[in-house]
Amino acid sequence: MAHVKTPLSKVASVFRVRSEGMGLRATARVFGIHKNTVTEWENKFAEQKEPLMLYAVCHEFISLTFEGDELYTIVGKQCEVSDSEGWTAVIMERASRFIVEQRCGKKDKQMFKDVMATVVDYIKQSEDVTFLSDGERRYGNTLFEMCAEILRTGLRGRPPKTLPPGVKVRLKNKGSQNSKPGRKRPKYQAPHREHPDTEQTIDEQDIHANHVEAQNAALRRKNSAFRRRTNMLNPKKGFNVLWTFIKSFIILFVFIGQQA
């Protein structure tokens, strides 16, 4: 699956029309690619059919745990970190180590909304979803805004909003709280109200994003030779050298959408 430089949306479209019965040469003509390229893609993904089919079936019945973290690189001219478009938000499924989604751009509300939309899709399919992050609260806030439900208790007053049944959000507040003014936050926190029927099965020692952070550290080491080139010669808006390496993991999910 390496060395696939074509956009994933185009690869997925090619597989979609092929699954609908379009011929090899016709597909090549419609999409403006060589027929050998289509055959090469099919051969590469055929090797992943069994594990992808198994994962596509099992993820509806097993508990899913997602970890969220961010990458940063300088895009174009140096500027304030809050104004930079060199951020990449990454969501990893812990058990399989699959990168289920990533978005790059400014680290604003829209980026978190785009990247958490995939997690919302998994919530609709699975009955047990846990999302974990280290310090960044906007993951949980965005998820709550997108899928919160009204809990009808029969009591007087406005009914509260909660996360859907089976959905848990946990946050690990890093660093010492001694030097921060105001009320101190606990190290491990559930930032939003959860449904009373949700089973609390996660231990505190499991509340972390170490796996996705280790993946990001490996990417930084892999791209150490491009660090100066990234900082000095990157005029394209939204371009991220790390994107090339992350795509190799995202491409695994092209077929999951087709088979699920």
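The values are calculated or read from the model by the stated rules, or taken from the named source; none is laboratory data. Every value quoted in this text rests on a predicted model; they were computed, and no experiment measured them. Note that each Cβ is placed from the backbone with ideal geometry, even for glycine, and that neighbours are counted across all protein chains shown.
Here are some notes:
- Check on ALA209, modelled with pLDDT of 85 or more and crowded, with 16+ Cβ neighbours inside 10 Å: yes
- Selected residue [acidic (Asp, Glu) and free of Cβ contacts under 8 Å to residues at least 12 places away in the same chain] from ASP128, ASP134, ASP121: ASP121
- Top-ranked residue in the range 110-136 [being of a type outside the set (A, V, I, L, M) and modelled with pLDDT of 90 or more; ranked as surrounded by the fewest Cβ atoms within 10 Å (Cβ to Cβ)]: GLN110
- The residues in the range 212-226 that are modelled with pLDDT under 75, surrounded by fewer than 17 Cβ atoms within 10 Å (Cβ to Cβ) and not small (Gly, Ala, Ser) can be counted, and the count is 2.
- Check on SER96, closer than 11 Å to LEU64 by Cα and either among the polar types (S, T, N, Q) or touching a Gly at 6+ places or on another chain (Cβ under 8 Å) (or both): yes
- Flag for VAL38 being modelled with pLDDT of 80 or more and surrounded by 12 or more Cβ atoms within 10 Å (Cβ to Cβ): yes
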